[in-house]
Structures are given as C-alpha cells and as structure tokens.
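The values are calculated or read from the model by the stated rules, or taken from the named source; none is laboratory data. The shown structure was predicted, so the numbers you read here are calculated from the model rather than taken from an experiment. Cβ atoms come from the backbone with ideal geometry, glycine included; neighbour counts cover every protein chain shown. To get the accessible areas, we keep the full protein, side chains included, count just its heavy atoms, and leave off ligands, DNA and RNA. Shrake-Rupley method; radii C 1.70, N 1.55, O 1.52, S 1.80 Å.
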Amino acid sequence: MPLVTYLADRRMWLLRTPGSCYAFALDADDRPCHVHWGPPLTAEQALTVPPAPRRDTSSFTQPGYGELEGPGFGAPSLRLIYADHGEGVEWRHLDHEIDGGRLSVRFADRHHPLEITLHYRVHDDGDVIERWTTLRHTGADDAEPITLERCDSAAWTLPPRDGVRLSHMVGGWSAENQVRREEPPVGETVLTSRRGTTGHHANPWIMLDDGTATEERGEVWSAALAWSGSWRITVQRPPFDAVGFTGGFGHEGLRLRLAPGRSWHTPIFAGVYGSAGFGAVSRAWHAYTRRHVLPHPDELRPVVYNSWEATGFDVDLDGQVRLADRAAALGAELFVLDDGWFGDRSSDRAGLGDWQVNPERFPGGLNKLIGAVRQRGMRFGLWVEPEMVNPDSRLYREHPDWVLHMPHRRRTTLRNQLVLNFARPDVAAWAYDWLDRLLSEHGIDFLKWDFNRAFTEAGWPGQDDPGRLWIDHVRNVYAIMDRLRAAHPGVRIEACAGGGGRTDLGVLNRTDQIWTSDNTDAVDRLVIQHGFSQVYPAGTMVAWVTDSPNPLTGRLVPLRFRFHVAMAGVLGLGGDLSAWDEAELAEAAELVAEYKRIRPVVQHGALHRLGTPGESLSGVQYVHGDDIVILAYRVKTRFGHHAARLRPAGMDPDARYRDVVTGRIHHGAVLASHGLELDLPQGDHASAQVHLVRQDP
Ligand code: GLA
C-alpha cells in the first residue's frame, strides 16, 4: 500500500500510516479542505466522507477565506498582509509532488506574488504525520514585501465527536510537566509561550480525546511542535462542529517581512492518531522520536555525575577531583563540571559571557581535571550557557549592544542576566567560535547547554524587521548546535533551560538528552516524569539521585526510592557524595550496577505507565524484546493497607515470565489478571524494581 495516494477525480490526497489515515482535497476554488484524520480508510471509503456542515475549523483557513461552505472564521493559520492592504490568500493550485512518504502540494495566490507549499511526510513504521509549510515571495526585486502576521505549520481537524477533552501541560520552574486533562470551553483555547523559549509553564503538545479515553483504550489525537522558541497552539471548539486546532512558531503580534525572492519555512507540527488510549499515543511519540528525531538513537546514555547540587558555584580542581573519585567508584561514566568554571563566575551575579577558564579555580586550565576524570574511566562534560550574559562581565562591557534591548526601555535582568541576540550574525559567529575552540582545545565529550531566562525587551534597534529575532535566535542556536556536532562528532549535548524549560522535538533533533527539572525531589519527580513521558522518551529524560533531605523541598526519602525514581530515565548522580557514608556509597554502587543491567530496556524499550503517581501504588513498565522491567512506587502507606500489586501491561496470557533475580516463574495469564506481587518494604517511600524475561514456550 503506498503511503501517499492522489485521487485525481476528486483532487484528493490520502496519507496512510499503519494505524491511521489523513485525507484532504481541493474544492472547486482550489482551496485545500480537510477531509479525514483518524482510523484507516481505503481510497474508496475516503471518497465518501461527507463534507463538514460548517467550517469554523479547517485545514488551512483564514477569515474570509474558508473552505467548502464559504467563509470560515476560525483562528487563522495564515495571516498575510500585502502592500495594498489586501489580506489573505485566494488559492490557485499549481502542482504536487509525491516521493515515497513525502508529499508537497504547491499553490500560488491568484493575484499577489506568493507561493505556498503544504508539506506532509509519513513513515511506514508509525502513525506520526509530519506537516510544515513554506511560503515564497515570487515578486520582482523591487516588489513590496509581504507582511506575515501568522504562519502556522499546520492546522488539524478531528472527526465529529462529543465530549472532547484536551490534555496539555502546565507548570513552572521546578514543577514542569503537570498534565491537565479538561474539557475545553466552546470557543478558542490558546496555549502559548511568549518567552522566546519553549517554556516551563506549558509545552507545545496537545492530546484530544472524546472524553472517554483511558491509558489503554479510546481514540486520541495528538500533535507536537518541533520548535524551541515562542509558539502558539489554538484549539477551536465550535458549538456544533468538529474540534480542530492550528499551531506554529511565534506568539501573537509578531510581524515578519517576507521580501521578494525570499522563502519562509515553518518548523514541523507533527500529529498522531491512535485508537488504543493515551499510553499507545505516547509510545507512538517515543518510537517516532527515536527513529526520526534523535541524532544518536541507538546509543545508550551514560550514567552521569553532575556536581551542581554538591558544590554550586564553589568549584575548583581539588574539590571536583574528590567528587570524581567517588563518582567513578559508584559507577558513573560521565563527569560533568557545571556552572562556575569560567570568568568571575563565583555567583550568578557576574562572569556569564566570559568563557575563559578561571585560572584561580583551575590553574593551568581544565586539562588537569579532564585528565583526572579520564584516568578514573569517565568521560568529561561541561556546562555552558552561550545565549546569556551578566551585565557584570567583560563581554557586556565590550558589547552592550549585543543583548536584546529596546531604545528608551530598561534592560530587565532575570537571574542577573540578559539575553544575547543570537539573531545577530556577529553574535552567532562569536558563539560558534568560542564553543568550537573550547571543544577543539579540550577533550570534552559532552555539553550541558543551559538557558536560564526568558526574553524581555526583545528588540534589535536599527532593524526594519525586528519580529524576526524571535525566530532567527532559535534558528541560529540550532545552526550552531548542528555545526558543532558536525565538527565534533563525538560530542553529545544535553538541553537544559533552568531545568526542563527547553523540552521539545526541535531541540531533541540536535541534542541527546534533556535535563528534566531542577527539582530532584523523588516524590515530585514522579509527577514531573509522568508528564515528560506523555510525549518524550525515557531515553532522553535525565534524572539524578541527590541528597536527602532534598535541598529544594527538605523531604527525606530513602536512597533506594530515590534511585528507583531516577532509574526510570537516564540515571545520574547529583548529590554531595563527600557527605555520603560508607553504607550509602555501597548501596548506591549496587543500584548503579542494577541500573546498568536494565538500562537497554529502560532507555530503548516501549513505556507503559501503570497508574498515575499519587499516594498509592503506581509504576512504569518497559518492554524491549523479551525483557520487561517494572519500577513500582508507593509514596505513602495509609491505614495499614500495603498496596503491593501492580498489573503489568501487555502480558501474553500463554507465556511464562521469569524473574531475573528470584528465578520465580510467573504466568502471563495470572499477571494480567491478578497482578505482580511486589516485595515492597513497609512504610512510606517504598519502591521495587522487577526484571522479567519472557520464556521460550
Ligand atoms: C540551571 C540548571 C541547573 C544548573 C544551574 C547552573 O538552573 O538547570 O542544573 O546547571 O543552571 O547555574
């Protein structure tokens, strides 16, 4: 079955994935009209889909230029203004091209010098449909520019369903990824970031269901935007019609100029439909991210030790070597020196931007520490925050015009820092140069690339197209990462923004992992990780075991529980190991070894969420070939009731499963029906890890 089919009689395109189908067609006026996104349909069936009765939602509408039934009035996916103050697009279909799973359909405006191409890509290994848009100003050199007020990547429409629910994320610093699932009001619901970055407060993905879906059952439509700057997704729920949404980069009010001869490309806004609940849609995202987004999907991520929570800004050669000693003894494979190694950076008030090694802290440079780390069998990583500057720095004193700023406006500092304008070619070139030099002159295997504040006063005086900086900043960050990776193919990158503020498919396309949150409290982390897992795979989710009481929350949690929570992703250690006693160190070493045994299953397996983190029992299960790993958590014991059974997902009733540690044989039919009895200690913060292997029949 071809992935993309063109049905010439109806001027309809059909995209078919293993478990879904997407179709759109041209109407008599050449306007692209949504037909279907949902369960698989044959071409014959797709041709009989009734047109929607009203068009408040669309595949690419804008006020005054709706589809099928005359004007649509939904939130516009495209909002263009011409020099004569005319707006919108009168579509004229030019041609299309099909290349395997790729489809591009080209249009022109009937009057203005504008070409629009709608791009689609499907793969035969999953149900994710990628979509993006390009615009091209086809006028002569002296033609007037076209103003872009909105240029979304895609709009998506659901088939008519009652009782729709919207799932999305809310949060904040140290509280990322809190899932909200609620009925959207009739009207428009806008999810957005106006911060220049993805954000802690929201994340550019949504899921919609008909109000009855569960983790294992029901239809779910989901979309995620591959972009790390400001963004907007508008969900439209008309009173009588199907729900739809449109999304893309930039927030409201950004104006961009499209000059003659220039093209404009949006990021990918991918969608996936699934009929087996939220869990299956999450797994579809995870598989897609591994196969088509991540640069090194087959690698196993190393166990990291990061010194931030141990030493803060107080870093020096001897202290770091002492920590490296202990980290290596515990089994860490990568040692990361965090903030504080450069310039006058003894607190967050100074030095950011001065990327020269601090000679008092590291006499003779970083190479002694790097040598010591390597001697102990670990790779070496370094923290950087290239897009930022402290006003108290040599860089800022030399280049005060390099930061985002506006005339006659204060330069608001957040965490005592300003944002460098990476849209400026000279700033981007400076950043690439020092990063390239740093990597060329040292044996650095890993960068933790941080971004600790949002944009404010985001201006670029003297530019006649100031809105562009919001987009070009991100594009240049991407370009620098891409160039660095090409020039230093061994280097791996962790995306970080004050914790998980830059978690998205765009950054995952050029990095290897995400620092999930600055909150390392194991109980809070269960919730944060549950939200992360809705779209992003466990093999990208970095989780450190830190000290107890936790420095942020003051909560006391046993070491084993802290480990079992961090083992659900890419395990790291982040505590002050110099304060851990012998018993703790011995237990930690055992647990690191335990993680390494289950790591391929956790990082590359299919994830099943077993319940929602709360006070009673919940867990996560990973399935990789015949291996099954379950991590189970009981945060609180109540009323003497020791909940200790979890029902694993996807058990084959005819199969037997052997517990790798106890050797005990479990029957799939019994596990599926009665659950797995867990050996949980008494009391609060009880946890267990179980590794089962499916036996040959
Ligand atoms: C951010 C990161 C932390 C740490 C500090 C350093 O908050 O999320 O992990 O790197 O910056 O200043």
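For the residues Thr192, Thr212, the requirement of being β-branched (Val, Ile, Thr) and under 19 Å from the mean Cα position of the chain (by Cα) singles out Thr192. Restricting attention to the stretch 530-550, report how many residues are of a type outside the set (Gly, Ala, Ser) and within 16 Å of the ligand (Cβ to nearest atom). Residues meeting the conditions: 9.
Of the residues making up the stretch 149-161, just one is part of a loop (DSSP other than H, G, I, E, B) and among the small types (Gly, Ala, Ser), namely Ser153. Of the residues making up the stretch 409-428, those that are more than 16 Å from the ligand (Cβ to nearest atom) and not charged (D, E, K, R) are Thr412, Leu420, Asn421, Phe422, Ala423, Pro425, Val427, Ala428.
In the stretch 30-66, of all residues being modelled with pLDDT of 90 or more and among the charged types (D, E, K, R), the one that is surrounded by the fewest Cβ atoms within 10 Å (Cβ to Cβ) corresponds to Glu44.
Considering Leu191, Leu166, Leu225, Leu258, the condition of being of a type outside the set (Ser, Thr, Tyr), at pLDDT 95 or above and closer than 30 Å to Thr553 by Cα is satisfied by Leu191 alone.
The set of residues from the stretch 517-527 being farther than 18 Å from Glu494 by Cα, in contact (Cβ under 8 Å) with a residue 60 or more places away in the chain and either within 16 Å of the ligand (Cβ to nearest atom) or in a loop (DSSP other than H, G, I, E, B) (or both) comprises just one member, Asp524. For the stretch 106-121, the criterion of being open to solvent by 60 Å² or more (accessible area, probe 1.4 Å), in a loop (DSSP other than H, G, I, E, B) and under 30 Å from Arg291 (Cα atoms) is satisfied by no residue at all. Against the list (1) in contact with a helix residue (DSSP H, G or I) (Cβ under 9 Å, 6 or more places away or on another chain); (2) closer than 19 Å to Gly506 by Cα; (3) not aromatic (Phe, Trp, Tyr), the condition Gly531 fails is (1).
Give me the strands (runs of 3 or more DSSP E) completely within the stretch 628-697, filtered to those with at least 1 residues that are of a type in the set (A, V, I, L, M) and closer than 28 Å to Val570 by Cβ, ordered by residue number.
In the stretch 628-697, the matching strands (runs of 3 or more DSSP E) lie at 686-694.
Restricting attention to the stretch 549-567, does a residue exist that is open to solvent by less than 20 Å² (accessible area, probe 1.4 Å) and more than 22 Å from Ala632 (Cβ to Cβ)? There is no residue in the stretch 549-567 that is open to solvent by less than 20 Å² (accessible area, probe 1.4 Å) and more than 22 Å from Ala632 (Cβ to Cβ). In the stretch 159-166, the condition of being crowded, with 18+ Cβ neighbours inside 10 Å and under 20 Å from Asp95 (Cα atoms) is met by no residue. The residue pairs whose first member lies in the stretch 444-459 and is more than 30 Å from Arg379 (Cα to Cα), whose second member is modelled with pLDDT under 95 and part of a loop (DSSP other than H, G, I, E, B), and whose beta carbons are closer than 7 Å, counting only pairs six or more residues apart or on different chains, are Gly459/Pro466. Evaluated against (1) away from the ligand (no atom under 15 Å from the Cβ); (2) open to solvent by less than 10 Å² (accessible area, probe 1.4 Å); (3) more than 28 Å from Val620 (Cα to Cα); (4) hydrophobic (A, V, I, L, M, F, W, C), Val357 falls short on exactly one condition, (2). Among the residues of this structure, Leu94 does not count as one that is touching a residue at least 40 places away in the same chain (Cβ under 8 Å) and either of a type in the set (Gly, Ala, Ser) or part of a strand (DSSP E or B) (or both). Restricting attention to the stretch 624-678, the residues that are among the charged types (D, E, K, R) and farther than 27 Å from Leu300 by Cβ total 9. Scanning the stretch 568-605 for residues that are open to solvent by less than 20 Å² (accessible area, probe 1.4 Å) and either under 23 Å from the mean Cα position of the chain (by Cα) or polar (S, T, N, Q) (or both) yields Ala568, Gly569, Val570, Leu571, Gly572, Leu573, Gly574, Val601, Val602, Gln603, Gly605. Might you check whether a residue that is touching a Leu at 6+ places or on another chain (Cβ under 6 Å) and among the polar types (S, T, N, Q) occurs anywhere in the stretch 409-427? The answer is yes, given that some residue of the stretch 409-427 is touching a Leu at 6+ places or on another chain (Cβ under 6 Å) and among the polar types (S, T, N, Q).
When the helices (runs of 4 or more DSSP H) confined to the stretch 233-339 are screened for residues that are open to solvent by 20 Å² or more (accessible area, probe 1.4 Å), farther than 30 Å from Ser77 by Cα and not β-branched (Val, Ile, Thr), those reaching at least 1 such residues are found at 308-311, 317-330. The single residue among His685, His666 that is buried (at least 18 other Cβ atoms within 10 Å of the Cβ) and touching a helix residue (DSSP H, G or I) at 6+ places or on another chain (Cβ under 9 Å) turns out to be His685.
The rows are residues; the columns are (1) among the aromatic types (Phe, Trp, Tyr); (2) closer than 30 Å to Thr17 by Cα; (3) not in a loop (DSSP other than H, G, I, E, B).
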residue: Thr134; (1), (2), (3): no, yes, yes
residue: Ala140; (1), (2), (3): no, no, no
residue: Ala143; (1), (2), (3): no, no, no
residue: Thr147; (1), (2), (3): no, no, yes
residue: Gly163; (1), (2), (3): no, yes, no
residue: Met169; (1), (2), (3): no, yes, yes
residue: Ser174; (1), (2), (3): no, no, no
residue: Arg180; (1), (2), (3): no, yes, yes
residue: Thr189; (1), (2), (3): no, yes, yes
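Kindly check whether there is at least one residue in the stretch 397-404 that is without any contact (Cβ under 8 Å) to a residue 40 or more places away in the chain, more than 16 Å from the ligand (Cβ to nearest atom) and touching a helix residue (DSSP H, G or I) at 6+ places or on another chain (Cβ under 6 Å). Yes, the stretch 397-404 contains at least one residue that is without any contact (Cβ under 8 Å) to a residue 40 or more places away in the chain, more than 16 Å from the ligand (Cβ to nearest atom) and touching a helix residue (DSSP H, G or I) at 6+ places or on another chain (Cβ under 6 Å).
If only one of Thr311, Thr234 is more than 16 Å from the ligand (Cβ to nearest atom), polar (S, T, N, Q) and over 18 Å from the mean Cα position of the chain (by Cα), which one is it?
On inspection, the qualifying residue turns out to be Thr234.
If the condition is being crowded, with 24+ Cβ neighbours inside 10 Å and of a type in the set (A, V, I, L, M), then the stretch 509-525 contributes Ile514, Ala522.
Among the residues of the stretch 217-232, write down those that are open to solvent by less than 30 Å² (accessible area, probe 1.4 Å) and part of a strand (DSSP E or B). Scanning the stretch 217-232 gives Gly218, Val220, Trp221, Ser222, Ala223, Ala224, Leu225, Trp231.
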